[in-house]
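Notes follow the structure.
The values are calculated or read from the model by the stated rules, or taken from the named source; none is laboratory data. Given the structure is predicted, the values throughout are model-derived calculations rather than measurements. Neighbour counts run over all protein chains shown; Cβ positions are idealised from the backbone, glycine included.
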Amino acid sequence: MEPKAKLDIEQTQYWKEKLEMSYYFSKVVEMPFEDAIATAIEALGAEGFGVLTQINVKETLEKKLDVDFPEYLILGACNPHFAFRALQAEDKIGTMLPCNVVVRECDNGSIEIAAVDPLASMQAIENQELGDIAAMVQDKMKNVISQI
């Protein structure tokens, strides 16, 4: 009976840690929305990321649903070196690229900049090489947020 009890405790701890892991890193700043976008893009560039896409969620929701929504922009960021390595390690990983960074207006008027945690998003894929790449990209995304 003791081995089963130990296994249950280990499983409980494993899932507790998984649930506590956040899927993003973020920082709240006090600056105009457009300045926050520029700051995020500059920080991404300092870590080797380019911005491939910009999705204006506010504009899209207003146009498609005629609803009022706070400022919200999704930046699709890519570091070509790591993207290439990830695609070599896992050919379907493109379904999870690029790394998204959100710049959004909070209820109190401050701005939050949030970046995906690539390590968290890659958990479902059982590929050690990809996990190693995701860990390196995670460090870079943490650096992006810390530079803001």
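Some notes on this structure:
- Complete set of residues in the range 105-129 that are over 21 Å from Thr39 (Cβ atoms) and hydroxyl-bearing (Ser, Thr, Tyr): Ser121
- Conditions (1) surrounded by fewer than 18 Cβ atoms within 10 Å (Cβ to Cβ); (2) in contact (Cβ under 8 Å) with a residue 24 or more places away in the chain: number failed by Thr95: (2)
- In the range 124-148, the residues that are farther than 15 Å from Gly94 by Cα and outside any helix (DSSP H, G or I): Glu126, Ile148
- Checking Lys18 against (1) surrounded by 10 or more Cβ atoms within 10 Å (Cβ to Cβ); (2) at pLDDT 95 or above; (3) among the charged types (D, E, K, R), the condition it does not meet: (2)
- Residue list for the range 103-114, restricted to those being free of Cβ contacts under 8 Å to residues at least 60 places away in the same chain and in a strand (DSSP E or B): Arg104
- Residue match in the range 37-51 (condition: more than 13 Å from Asn100 (Cα to Cα), among the aromatic types (Phe, Trp, Tyr) and at pLDDT 95 or above): no
- Residue check for Ser26: in a strand (DSSP E or B), in contact with a helix residue (DSSP H, G or I) (Cβ under 8 Å, 6 or more places away or on another chain) and surrounded by fewer than 16 Cβ atoms within 10 Å (Cβ to Cβ): yes
- The one condition in (1) loosely packed, with under 13 Cβ neighbours inside 10 Å; (2) touching a residue at least 24 places away in the same chain (Cβ under 8 Å); (3) charged (D, E, K, R) that Asp117 fails to fulfil: (1)
- For the range 60-81, the condition holds for no residue, the condition being that it is without any contact (Cβ under 8 Å) to a residue 40 or more places away in the chain, assigned to a helix (DSSP H, G or I) and crowded, with 17+ Cβ neighbours inside 10 Å.
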